[in-house]
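The values are calculated or read from the model by the stated rules, or taken from the named source; none is laboratory data. This one's a predicted model, so the numbers in the text were calculated from it and none came from an experiment. Ideal geometry is used to build each Cβ from the backbone, glycine not excepted, and the neighbour counts take in all protein chains shown.
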Amino acid sequence: MTKKISIKHMIYQRSSALFAAAQKVIPGGVNSPVRAFKAVGGDPIFVKEARGAYLYDEDENRLIDYINSWGPMILGHAHPAVVNAVVEKAKKGTSFGMPTEIETQIAALAVSMVPNIDKIRFVNSGTEACMSAVRLARGYTGKDKIIKFAGCYHGHSDSFLIQAGSGAVTFGSPNSPGVTKGTAQDTLLARYNDLAHVEDIMTSNKDEIACVIIEPVAGNMGCIPPEKGFLEGLRSLCDAHNILLVFDEVMTGFRLSKGGVQELLDVNADMITFGKVIGGGLPVGAFAAREEIMNHLAPLGPVYQAGTLSGNPLAMAAGLAMLTELNDNPEIFNSLADKTEYLHKGITKALHNHNVIHTINRLGSMISVHFAEDKVVDFDTAAKGNNDTFKKFFHGMLDHGIYIAPSAFESWFITDALTYEDLDETIAAVENVARRL
Ligand code: KE4
């Protein structure tokens with residue numbers, strides 16, 4: 001039985017005042033564009049604190065959080081294991097710029113959890129991980145070009161801001177100014193889920209392509225799972241053309257399963273990038289591969305990569321606590337998938353009850369609602385979604401105390417802190433909002 005709830009008539013006065021103040025000293029008032037609500041309109045919400053599945057904003061509103069800092073808070077906000085680890089580590093100093101044992105501990109744990117990797121290098125963001133992975137692929141292969149997919153987002157490094165997804169799309173400037181022609185010419189753009197297109201590009205750029213980099217389950221066009229055979233086909237094409245296959249698992253790593261997409265879908269990549277969950281909410285990215293590739297990295301090999309705060313013990317403590325929780329309790333991944341399936345079924349029913357045209361994509365604990373008639377399988381079909389309907393949906397859900405991605409080109413991120421009561425409240429809100437779409 002659908003739970004009846006009313007609109008909560010939330011107020012956002014303090015958030016709006018804080019946003020006005022922030023805009024005076026921070027470009028756009030935010031430190032990452034997608035937070036500015038440009039794609040949905042209105043002022044962004046300022047969060048005071050968060051616990052479990054809930055955000056508490058500066059106007060004392062409680063919001064059920066379906067973004068979870070864009071993925072890291074898979075166990076819920078302020079998880080005791082992570083908080084305690086960080087507090088204890090901070091008392092002993094936060095960063096030394098020298099090796100520490102905890103880096104080896106989290107590296108060994110990550111290597112034990114993820115297939116096909118012997119070594120891992122820690123950096124400070126997903127962007128840095130993907131940027132470094134591509135440099136390593138180029139250094140290892142001696143080739144300059146890369147293939148990325150329209151709508152996939154690998155962070156804001158120049159090579160990737162070519163029809164990128166996520167925030168870059170919502171700004172209608174897929175190729176960001178500041179990216180030189182020289183850089184752009186080495187990035188070849190393919191259509192997601194289109195093997196024939198990838199093969200054409202490989203054939204036309206014979207022996208020039210260092211790697212293919214892909215979100216093996218896309219999240220930056222909304223959630224778009226790979227069609228059956230797509231990743232396996234990519235693997236075969238990369239083998240045939242002697243090209244490295246890089247899985248950008250910044251979003252999917254340690255979220256879709258212990259071993260990420262490689263384990264979940266049984267497809268092997270040559271290099272994997274991580275972010276988000278691996279840092280437990282602190283700034284951590286990483287890239288990993290088999291030893292013969294990783295040993296090309298400085299100080300062992302000629303490919304340079306470095307970072308003042310890379311592997312700092314404070315961030316390592318958060319990441320190690322998070323990965324340990326997930327490694328010791330793998331049933332969490334099934335629980336997340338079950339909750340996401342329950343949510344999917346509830347939202348579908350609620351929107352169908354009011355004849356709202358939509359399609360929902362879901363894999364594991366990643367899900368997105370597209371107000372489009374056709375199946376969403378790539379950037380072009382994702383872009384056909386009705387953004388006006390999305391905006392109404394977003395603000396309607398917010399009025400019910402439910403925080404979803406402020407853009408149709410994002411995945412929702414389910415946290416295991418969500419209860420089935422939270423899910424029922426969310427589904428009831430969809431039912432209410434659907435009446436007005
Ligand atoms: P960061 O540099 O933001 O840590 O990671 C970049 C990145 C790389 N690869 C994938 C698959 C990603 O999803 C991301 C970052 N994700 C976005 C959300 N779609 C971060 C949110 C933001 O830009 O503020």
Query raised in the report: Could you say whether any residue in region 248-259 is without any contact (Cβ under 8 Å) to a residue 60 or more places away in the chain, over 30 Å from Lys89 (Cα atoms) and crowded, with 22+ Cβ neighbours inside 10 Å?
Result: no
Query raised in the report: If you check Ala150 against the conditions, is it farther than 12 Å from Thr273 by Cα, out of contact with any Pro (no Cβ under 6 Å at 6 or more places or on another chain) and touching a residue at least 12 places away in the same chain (Cβ under 8 Å)?
Result: yes
Query raised in the report: Is it fair to say Gly301 is under 21 Å from Lys119 (Cβ atoms) and buried (at least 22 other Cβ atoms within 10 Å of the Cβ)?
Result: no
Query raised in the report: Do the conditions hold for Ile64, that is, is it assigned to a strand (DSSP E or B), within 23 Å of Ser411 (Cβ to Cβ) and either away from the ligand (no atom under 14 Å from the Cβ) or under 22 Å from the mean Cα position of the chain (by Cα) (or both)?
Result: yes
Requested in this report: Would you check if there is a residue in region 110-120 being under 27 Å from Ser407 (Cα atoms) and modelled with pLDDT of 95 or more?
Outcome: no
Report summary line: Checking Ile209, Ile213 in turn, the sole residue that is farther than 17 Å from Asp380 by Cα, crowded, with 23+ Cβ neighbours inside 10 Å and over 21 Å from the mean Cα position of the chain (by Cα) turns out to be Ile209
Requested in this report: Identify, by number, the condition in (1) within 19 Å of the chain's Cα centre (by Cα); (2) within 16 Å of the ligand (Cβ to nearest atom) that Ala22 doesn't meet.
Outcome: (1)
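Matching residues to (1) within 18 Å of the chain's Cα centre (by Cα); (2) of a type outside the set (A, V, I, L, M):
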site	(1), (2)
Val86	no, no
Phe96	no, yes
Leu109	no, no
Lys119	no, yes
Phe122	yes, yes
Gly126	yes, yes
Ala137	no, no
Requested in this report: From Val123, Val169, grab the single residue that is over 17 Å from Thr183 (Cβ atoms), within 11 Å of the ligand (Cβ to nearest atom), modelled with pLDDT of 95 or more and among the β-branched types (Val, Ile, Thr).
Outcome: Val123
Report task. Look through Val82, Val114 and report the one residue that is away from the ligand (no atom under 15 Å from the Cβ), more than 25 Å from Thr308 (Cα to Cα) and touching a helix residue (DSSP H, G or I) at 6+ places or on another chain (Cβ under 7 Å). Result -> Val114
Report task. Considering each of Ile224, Ile213 in turn, give the residue that is within 22 Å of Phe409 (Cβ to Cβ), within 13 Å of the ligand (Cβ to nearest atom) and in contact with a Gly (Cβ under 8 Å, 6 or more places away or on another chain). Result -> Ile224
Report task. Output yes when any residue across region 38-59 is crowded, with 18+ Cβ neighbours inside 10 Å and of a type in the set (Lys, Arg), and no when none is. Result -> yes
Query - Pair list, Cβ < 7 Å and 6+ apart or interchain, from region 393-421 residues that are part of a strand (DSSP E or B) to residues that are more than 15 Å from the ligand (Cβ to nearest atom) - result: Ile402/Leu63; Ile402/Ile64; Ile402/Thr426; Ile402/Ala429; Tyr403/Leu55; Tyr403/Leu63; Tyr403/Ile64
Report task. Being polar (S, T, N, Q) and either surrounded by 22 or more Cβ atoms within 10 Å (Cβ to Cβ) or within 23 Å of Thr203 (Cβ to Cβ) (or both) is the filter here, so list the residues in region 141-164 that pass it. Result -> Thr141, Ser159, Gln163
**Report entry** Residues satisfying the stated conditions in region 243-263, i.e. in a loop (DSSP other than H, G, I, E, B) and within 16 Å of the ligand (Cβ to nearest atom)
**Finding:** Glu249, Val250, Met251, Thr252, Gly253, Phe254, Arg255, Leu256
Report task. Inspect region 264-287 for any residue being free of Cβ contacts under 8 Å to residues at least 40 places away in the same chain, within 16 Å of the ligand (Cβ to nearest atom) and either under 28 Å from Glu199 (Cα atoms) or crowded, with 24+ Cβ neighbours inside 10 Å (or both) and give the result as yes or no. Result -> no
Report summary line: Within region 340-375, of all residues that are of a type in the set (Lys, Arg) and outside any helix (DSSP H, G or I), the one surrounded by the most Cβ atoms within 10 Å (Cβ to Cβ) is Arg362
